[in-house]
Every structure is written in structure tokens, then in C-alpha cells.
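Below is one structure, written out as C-alpha cells; comments come after it.
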Amino acid sequence: MAEPKVKYDRQLRIWGQQGQDALEKSSICLLNCGPTGSETFKNLVLGGVGSITIVDGSKVEAGDLGNNFMVDESSIGQSKAKCVCSFLQELNDAVKAKFIEEYPEALIETNPSFFSQFTLVVATQLVEDAMIRLDRICREANVMLIFARSYGLTGFVRISLKEHTVIESKPEHFLDDLRLNNPWPELRRFAEGFDLNVQDPVVHKHIPYVVILVKMADEWAKSHGGRFPSTREEKKEFKELLKAGMFAQDEDNYREAIDASFKVFAPKGISSDLEQIINDCAAEVGNNSSDFWVMVAALKEFIANEGAGEAPLEGSIPDMTSSTEQYVNLQNIYQSKAEADFLVMEQLVRSTLKKIGKDPNSIPKGTIKSFCKNARKLKVCRYRPLVDEFNSPNIPELQKYLADEDYSTAGGIYILLRAVDRFAANYNTFPGQFDSAMDEDIPRLKSTATGLLGDLGCNGATLAEDLIHEMCRFGAAELHAIAALVGGIASQEVIKLITRQFVPMSGTFIFNGIDHKSQLLTL
């Protein structure tokens, strides 16, 4: 067996050892192991989750061979859960795998406490009533839950849990924390040690752009009443001043300064997103508060006092044209400031823990350090209970989706995926499952969808006739290509939730295979 660091080398580069450890400690349950569930868990097993439990009461039929690669002819008549479990175990023998031959709906109804043992539950191909019951069970047990469903050429994925907090959100684009328009004393003194008019061309072309911008921003502020460039004209003028400071066209450091000048224009202090987090009611901590909110409470105190309106410094700087000595000196200044901010934050966290009656050392130093480094990028995700969304959706948003040219098909799919469950409850079959009833099913589904829209308060809304026909034509089929895509999305969200890295999606993901589009609906 390959060593874990070799086996998981590529993913360790994405979410690190801490993220991999979280995966390997996780226990995940799958409800229904058709193609959507099987594809989801294939990705998770290959990723190295700790243990999986597959719940499915059905037997493998001949039709399963056409859409599920995890069963074969020898599997026909056997427990589907057993066959899929055996296949998944072969993919990664480090993952503990077991199966329960029972229908998920029965388990939800008769043994709700069963789900409390898991880190996360992936529920696939459930109808609406079962989804609502399971959502209530998992919320009460604080178990993370993801719904996934493939239906013909459409599919959806939805996360459901009370709250999910993220320290390492890892945004693709985020402004470097350089404090060019708000330098602390050590950075200011370092910048003051440079003469931008030095005559030595070699020295001039190796002044770090951070120094150029700190000094130029300071000069600008002195001549503009303490203000930094804010209007389009002022920003253009500031860039012209930088250009004027160049002695020669080959001075890359000045080009870098011009390209990075927008960092001077950024507002001081914290973002509105971070302000919302530190002012959240959960930041008023008590004995039951999570480590995240304890650290947020400490962060709020830091920003108000020692930080003087700023979050702890991250402490890293980008690559730039400079002599090695100057770059290392500058790097040390940023790292020293970040370390000093961390030490203050650590004391505030320990003090906060003591105030609420917890062990002051219960939060590891490494966790606090990571929190400080990522303080500007914190994320809090909260999800409505499914019953609230289904019974009282955001009507203006739903109406907007249904009327919008770009979103009308996604909105229609959302409604029809709910309408087919109502249809099945009324007629004991999904629309289009039998060719002989197709002509009857189309108007029945249309009537069911119209009734659903009326119940939701969207009386004037209509769905495209072509889309209703397509949903009937699907006949509730679970196509492998769609299941693989939906399962890929679902497993990606599972990994985000378990590793607590990256930001999980916040609405209902709708895949429209008819038009090759995927969209997120927030209802």
C-alpha cells in the first residue's frame, strides 16, 4: 500500500495535512447508491475519507448495468448496497466501508438516531417528504447534510446545516495585506531609509515597490489634506507621478509600483463582510460558543484596540524586484508585525476563554495563528431549514428567477423537480415512467406544477411547455453522465465542509443538461 503522503500528494497541495487529517477522521453515510450516490462516494473514497456507510434496500437489476459502473452482470439479484460497497472498498483499502440493506425512507422514519453517529450524510434521490424529515433529524443532531439528485438531463445539489464557519476560505483573488496607505512605525521607518532620488541607477532600480508606494502615498497625503487618491482623475495623476519618478524605461520596480498602485487606493480598515462577522450576535460568546466565535470575539477586541481598526497582519509579501538583502529585510518587518499581532491575539483568546469558563489553553496555538493569518477572509455560511424554503421560499427571488431569461429554465427545473414528487405521491409513479401514459402525464404534470406555484404564491408564473414535456420524457431516469457531474459537485462540497476550507455554495445548485448550464438559486 502506498504511503499516505505519496497516495494523496496532489490533494495535500490543495488542502494540506490538516485538511487530509479531517477527511481521514470523518464518517460519512450515503443514502441510496444508484449512479448519483455511487459517483459521489467514488470521489470521496479516492480522496481518503475515514469511513463510509451505504444504506440502500434495493437489489441490483438489469437496468442498473447501464448507468452504474459499480455493478456488473454477476451483481444482478444481489444487494445493491453490498455490491457498491465492495467496489468502493477496492478503490482504497484504507477506507473502512460497511453497508446496511435497508431503504433510507424506512430508516428515516423508524430510527432517526441512526444518523447522529456520522460527520456528514449524503442523501441522494430522495423525494421531498423524506428530505424534509431527514433535514430536521440532521439539524437536531448537528450532522452536516447534502442532498443530491439526478433526474434525466437535470440535477440539483443542496447543502443543509445550521451554520458553517470557514477560516481558510482561500479566495482566488484577494488584495495583499501590505498596509501601503496605513504603514505601522517599523514599515514607515524602513521606507524612510530610502531616497527615491538616489543617483545610482542600480540602487534606484532595486528599491522595492512597497517602499516606493509607501513614500509616494505619504507625499500625496501631505499635499492633499491627509487624503489618498480616490477619484479617477486623482488615481491617474498618482500613476503619472510614479512614472515621473522613473530614471529609465527598464526599471521594473517602478512598473510594479504602477501596476500595484490600486493597493494604495483601497480603503483602510476592515471589509464590510468582516465587520458583519464581528458584529454577529454569535460573537457575544458564552460557555457553549465554538472556538471560531471565541476567536471572533477576541478579534473584535483586537480591531477596536491594538489593531486600531485593522485585523492582524497576514505577514507575507509578494515577489518583487529588489536586492536580496532589502527583500529579506522587508519580509522580516512584515513577519515581525504579524508575529506581534498574533501574540496579542493569543492573549485575547486565552482571556476570552477564561471569562466564559473554558480552559484558556483549549484552542491550540496553531489554530489561533491560522485564524490571524486568515482573519480578513473569514466566512460564515448559514442555511435555511428545508421545510422553510419549501413552504415559504423567497417569493420575489423565485418570481425573478422564473421571469428572467437567463434563469427561467433553472427556476423551472427547481419547480418541476418538486412537482414530480407531488405527482408521484398522487399517482404512485413518476411522470413518463410508462410510455403508454405519456399523453396523460404531460397535462397532469403541468397541472401539478401550476398548483405548486399557486401554493408558493406565484400564481401568475408559467413554465415553458417544452420543459414540462422534457421532464415527462425523462421518466425519472438517472443517466450516468448527469449522475457523474452531479456526484462530482456533491463530493466537492463534502470536502469543503469536512476540511473547513474554501467556501461551500450557499443556495440550491441546479444543473441544466438541456442547455449545458449550471446555476445557483438562493431561495
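Odds and ends about this structure:
- As a length-normalised measure over Cα pairs under 8 Å and 6 or more apart, the relative contact order of the chain settles at 20 percent.
- Lys, Arg +1 and Asp, Glu -1 on Cβ, resulting dipole of the chain about Cα centre, debye, nearest 20: 1320 debye
- Cut-off of 10 Å, at most 11 other beta carbons, DSSP loop: longest stretch of the chain lacking such trypsin sites (Lys or Arg not before Pro): 269-523
- Only alpha carbons enter this Debye calculation for the stretch 164-314, each as an equal point scatterer, and the log10 of I(q)/I(0) it gives at q = 0.15, 0.21 Å⁻¹ is -0.86, -1.32.
- Between PHE69 and ASP359, the contour length at 0.36 nm per residue exceeds the alpha carbon distance by 99.3 nm.
- Here the simple spin-label model places points 7 Å from the Cα toward Cβ, and for LYS400 and ALA244 these points are separated by 4.6 nm.
- DSSP H segments from the chain that extend 30 Å or more along their own axis, Cα-based, with Kyte-Doolittle mean of -1.0 or above: 324-355
- Only one residue of GLN399, ALA62, SER316 has its Cα farthest out toward the positive end of the dipole of the chain, where Lys and Arg carry +1 and Asp and Glu -1 on Cβ, and that residue is SER316.
- Relative intensity of the stretch 319-413 on a log10 scale, I(q)/I(0) at q = 0.13, 0.19, 0.23, 0.24 Å⁻¹, equals -0.73, -0.97, -1.20, -1.22, per a Debye sum over C-alpha point scatterers of equal strength in the absence of solvent.
- Among LEU523, PHE114, ILE415 - extreme Cα towards positive end, dipole of the chain, charges at beta-carbon: PHE114
- Share antiparallel - DSSP beta bridges, the chain, percent rounded to 5: 50 percent
- Normalised by the number of residues in the stretch 1-153, the average gap of Cα pairs under 8 Å and 6 or more apart makes the relative contact order 25 percent.
- Listed residues ALA260, CYS281, ALA340: farthest to the positive end of the dipole of the stretch 257-344 (Cβ charges): ALA260
- A 1.4 Å probe run over the protein chains yields, for the stretch 145-203, 44 Å² of accessible area per residue, whole-number rounding.
- Direction-averaged projected area, Cα convex hull, the chain: 30.3 nm², rounded to one decimal.
- Estimated FRET transfer efficiency (ILE76, THR462; beta-carbon r; R0 56 Å; 0.05): 0.80
- The relative contact order of the stretch 119-207 comes to 19 percent, based on Cα pairs under 8 Å that sit 6 or more residues apart.
- A simple rule links phi to the HN-Hα coupling: the Karplus curve 6.51 cos²θ - 1.76 cosθ + 1.60 with θ = phi - 60°, which for the stretch 114-124 gives 4, 7, 5, 7, 9, 6, 7, 10, 10, 9, 10 Hz, with x for Gly and Pro.
- Carbon + sulfur, % of accessible area of the stretch 1-87 - ligands and nucleic acids excluded, 1.4 Å: 52 percent
- Proportion of all alpha-carbon pairs of the stretch 376-516 beyond 22 Å (%): 48 percent
- A straight chain from MET438 to ASN111 at 0.36 nm per residue would run longer than the Cα-Cα distance by 114.0 nm.
- Applying both filters, DSSP loop and at most 12 other Cβ atoms within 10 Å, to the GluC sites (Glu not before Pro) of the stretch 152-188 gives GLU172.
- Simple label model, 7 Å out from Cα along Cβ direction - GLU101 to ASN279, nm: 5.9 nm
- Computed 3J(HN,Hα) for the stretch 265-282, one whole-Hz value per residue from the Karplus formula 6.51 cos²θ - 1.76 cosθ + 1.60 where θ = phi - 60°, is 6, 5, x, 6, x, 9, 6, 5, 5, 5, 4, 5, 5, 5, 9, 5, 4, 5, glycine and proline marked x.
- Using a Förster distance of 25 Å, the FRET efficiency for ARG384-SER290 (Cβ separation, nearest 0.05): 0.80
- Loop-resident sites, the stretch 364-456, for GluC sites (Glu not before Pro), counting at most 15 other Cβ within 10 Å (DSSP): GLU405
- Stretched out straight at 0.36 nm per residue, the stretch from ASP259 to LYS25 would grow longer than its current Cα-Cα span by 79.8 nm.
- Nonlocal amide H pairs with LEU145, under 5 Å, H built at 1.01 Å: VAL121, SER160
- Separation in nanometres of the label points that stand 7 Å from Cα toward Cβ, at LEU196 and ASN329: 1.8 nm
The values are calculated or read from the model by the stated rules, or taken from the named source; none is laboratory data. Since the model is a prediction, treat every value here as computed from it, not as a measurement. Don't worry about glycine lacking a Cβ; one is built from the backbone with ideal geometry, like all the others, and counts go over all protein chains shown. Accessible surface is based on the protein model in full, side chains and every heavy atom, while ligands, DNA and RNA are left aside. Shrake-Rupley method; radii C 1.70, N 1.55, O 1.52, S 1.80 Å.
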